[in-house]
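For reference, the structure discussed in these notes is given below.
Every number here is computed from the coordinates shown, using simple stated rules; none is lab data. Since we're looking at a predicted model, the values are computed, not measured. Counting neighbours? That spans all protein chains shown, and the Cβs are built from the backbone with ideal geometry, glycine included.
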Amino acid sequence: MKKTIVLGALALAPLAAHGQEVTLRLVSAFPENQYYVKRTVEWIEKANQAGKGTLQINFIGGPKAIPTFEVGNAVKTGVVDMGFSTGAFYTNVMPEADILKLSETSAAEQRANGGYDLINRIWAEKANMRYLAKVVEFTPFHLYLNKKIDKPDLTGLKIRITPVYREFFQAMNASVMTTAPGEVYTALERGVIDGYGWPIHALFDLNWQEKTKYRVDPGFYNAEVSLIINLDKYKALPAKARQFLDQQTLAYEKQNDFWKSYNQNEAKRQADAGIQTISFDAATSKAYVEKAKEIGWAAAIKASPQYGEALKKVLAK
Ligand code: 173
């Protein structure tokens, strides 16, 4: 009797080992033609080469598969396994998601100062997610306009936003309208909006330079785009697959210095495309950035009395 069981287990062993390869389904909250997504698809291809027999990531697609503002919920509930998104797109899951834009410490510093652990405590508790890695940072947001301003006052202007910019632009008297990135081009074309908030980069990916006259300097905050995974799925991964995923996503995060030179080049590309910069005197510029920060943290702490202050300790400088 005993012998039979042992033999049976041995016979099954090779099958079980083969069956250990896990495939995770990933969706992107950003449109597929965005460079972020192409870079991530390239990363996935390399990871899949290295992960044969252990872990595979199946890229499902962008907002046509799951709408931008639904990706967070889809990851939370396990409709998909992984998401490529920014926190601003899933404030419908938890308000804390949008607070990472206020990071002045880097992802590397947050891994060392307890920030990464705190983020993961919150993401687990409130969103049933594991925050794997931040893969876009060192990237300021800007206000882009089609009407000229000579001071930070947006009275009478309609500006496209996400939660990233809401309180700051409203404090400058803008009237605001939330849209996914995929809807901005048409809104500009139809004159529905006079401007929009967006990072210093990735304008060209969506052809917005064709419909954009001005960029307001300086920038503010720090764009955060990351890889997230459903927590139950993450915990249920075989140890080897989980270690592989942690290691691959960390390696991707460690390439973030790339964005520094990329962003310099993007600013130059904008100038070459005829986008003019609007800037203020030194005191006004300083006040503009300080106001963004002050308003951002006030809104964060109001939205999350539970974690706002604790996040500030690890994110702010
Ligand atoms: O403007 C946006 O759509 C937005 O919130 C964002 C956040 C991070 C990176 C790019 C865009």
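It is to be established whether one or more residues within region 38-49 are under 14 Å from the mean Cα position of the chain (by Cα) and farther than 24 Å from residue 237 by Cα. Can you show your working first?
Filtering region 38-49 for residues under 14 Å from the mean Cα position of the chain (by Cα) gives 39-40.
Among the residues that remain, those that are also farther than 24 Å from residue 237 by Cα are: 39.
Yes, the conditions are met somewhere in region 38-49.
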### Message
Suppose we keep only residues that are surrounded by 15 or more Cβ atoms within 10 Å (Cβ to Cβ) and within 16 Å of the ligand (Cβ to nearest atom) within region 36-63. Which one would you say is nearest to residue 247 (Cα to Cα)?
### Response
40
### Task
Please work out which one of (1) within 21 Å of residue 296 (Cβ to Cβ); (2) surrounded by 20 or more Cβ atoms within 10 Å (Cβ to Cβ); (3) hydrophobic (A, V, I, L, M, F, W, C) is the condition residue 135 fails and give its number.
(1)
### Message
Would you confirm, using the coordinates I've provided, whether residue 254 is within 19 Å of the chain's Cα centre (by Cα), away from the ligand (no atom under 16 Å from the Cβ) and farther than 22 Å from residue 126 by Cβ?
### Response
yes
### Entirely in region 251-317, the helices (runs of 4 or more DSSP H) that have 1 or more residues that are of a type in the set (Asp, Glu) and over 21 Å from residue 104 (Cα atoms)
258-272
### Message
Just checking, does region 202-209 include any residue being buried (at least 21 other Cβ atoms within 10 Å of the Cβ), under 22 Å from residue 303 (Cα atoms) and within 11 Å of the ligand (Cβ to nearest atom)?
### Response
no
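Regarding residue 221, is this residue within 15 Å of the ligand (Cβ to nearest atom) and in contact with a Gly (Cβ under 6 Å, 6 or more places away or on another chain)? Show your work before the answer.
Numbers: within 15 Å of the ligand (Cβ to nearest atom): yes; in contact with a Gly (Cβ under 6 Å, 6 or more places away or on another chain): no.
In short, no.
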### Query
If residue 248 satisfies every condition in (1) in contact (Cβ under 8 Å) with a residue 60 or more places away in the chain; (2) surrounded by fewer than 17 Cβ atoms within 10 Å (Cβ to Cβ); (3) touching a strand residue (DSSP E or B) at 6+ places or on another chain (Cβ under 9 Å) but one, which is the exception?
(2)
#### Entry: When residues of region 212-236 are limited to those that are assigned to a strand (DSSP E or B) and of a type in the set (Phe, Trp, Tyr), the one surrounded by the most Cβ atoms within 10 Å (Cβ to Cβ)
220
